[in-house]
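**Student:** Quick one: this structure, given as structure tokens, is what I'll be asking you about.
The values are calculated or read from the model by the stated rules, or taken from the named source; none is laboratory data. These numbers come from a predicted model, not from an experiment. Cβ sites come from the backbone with ideal geometry, for glycine too, and all protein chains shown count toward neighbours.
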Amino acid sequence: MTEFFRQIKTEHFHLIIEPLSKYNNGMLSKREIEIFALKSILNILNPKLKVEYNLYGAPFLNTNNAISISHSKKYIAIIFSQKQTSIDIELISQKALKVSPKFLNKKELAKVNDKETATLYWSAKECLYKIFQKGKLNFSSDLIVTNVKEKHLECLMFDKKYILQYEKFDSHYLVYYFD
């Protein structure tokens, strides 16, 4: 198995996290680095893998597997699953707390009083948004974080329950879903 910074492979999903600095030659823009990193990782896994995007910008593969991709300033995170999958990686920052009234409802706002919790909720909602894949969602009313457990979040999207896995590492939250 190829050595990646972080890799989890189970019968249900395959998750890869890589530092973007590994793919930076000093001459590429941030977006070019993200694209190059994705293509490089896919080429290592299987040179025949190709990513395309639907009209809402959601990625899909030229195979029967699902894919989701996320970037922070420091990392690229990719998850594959046989059915549906989603991932988000976020640097823990004050920004999430500052803008939290724009994406949290009143019940959620009552539970969020620090940048870590705000970032976790933001990442969860981004993950749910990527599951939907059609855009035009109201983050405060359509996407709800109902409960935070030690390693997972219980959420609702249009009253359908989702269990999202999460972990914290290197001042980031990683939130992901697989079906």
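**Student:** Taking the condition at pLDDT 95 or above and not hydroxyl-bearing (Ser, Thr, Tyr), does residue 134 pass?
**Tutor:** no
**Student:** Kindly indicate the residue of segment 127-179 that is polar (S, T, N, Q) and under 23 Å from residue 83 (Cα atoms) and also farthest from the chain's Cα centre (by Cα) among those meeting that condition. Show your work before the answer.
**Tutor:** Going through segment 127-179, the residues polar (S, T, N, Q) turn out to be 133, 138, 140-141, 146-147, 165, 171.
After this cut, where a residue has to be under 23 Å from residue 83 (Cα atoms) as well, the list is 133, 165.
Values: 133: 13, 165: 11 Å.
Per the stated criteria, the residue is 133.
**Student:** Also: Among (1) surrounded by fewer than 20 Cβ atoms within 10 Å (Cβ to Cβ); (2) closer than 22 Å to residue 18 by Cα, there is one condition residue 85 misses while meeting the rest; what is its number?
**Tutor:** It is condition (1) that residue 85 fails.
**Student:** To continue, here is another question. Which numbered condition in (1) over 17 Å from the mean Cα position of the chain (by Cα); (2) loosely packed, with under 15 Cβ neighbours inside 10 Å; (3) of a type in the set (Gly, Ala, Ser) is the only one that residue 100 fails?
**Tutor:** Result: residue 100 passes all but (2).
**Student:** Condition first: touching a helix residue (DSSP H, G or I) at 6+ places or on another chain (Cβ under 8 Å) and outside any strand (DSSP E or B). Now tell me which residues in segment 57-69 satisfy that.
**Tutor:** Correct list: 58 only.
**Student:** Step by step: first the residues of segment 56-80, then only those that are at pLDDT 95 or above and of a type in the set (Ser, Thr, Tyr), then the one that is nearest to residue 18 (Cα to Cα). Which residue is that?
**Tutor:** Checked segment 56-80; the qualifying residue nearest to residue 18 (Cα to Cα) is 75.
**Student:** Which condition number in (1) among the hydroxyl-bearing types (Ser, Thr, Tyr); (2) loosely packed, with under 15 Cβ neighbours inside 10 Å; (3) closer than 16 Å to residue 13 by Cα; (4) in contact with a strand residue (DSSP E or B) (Cβ under 7 Å, 6 or more places away or on another chain) is the one that residue 53 fails?
**Tutor:** Result: residue 53 fails condition (3) only.
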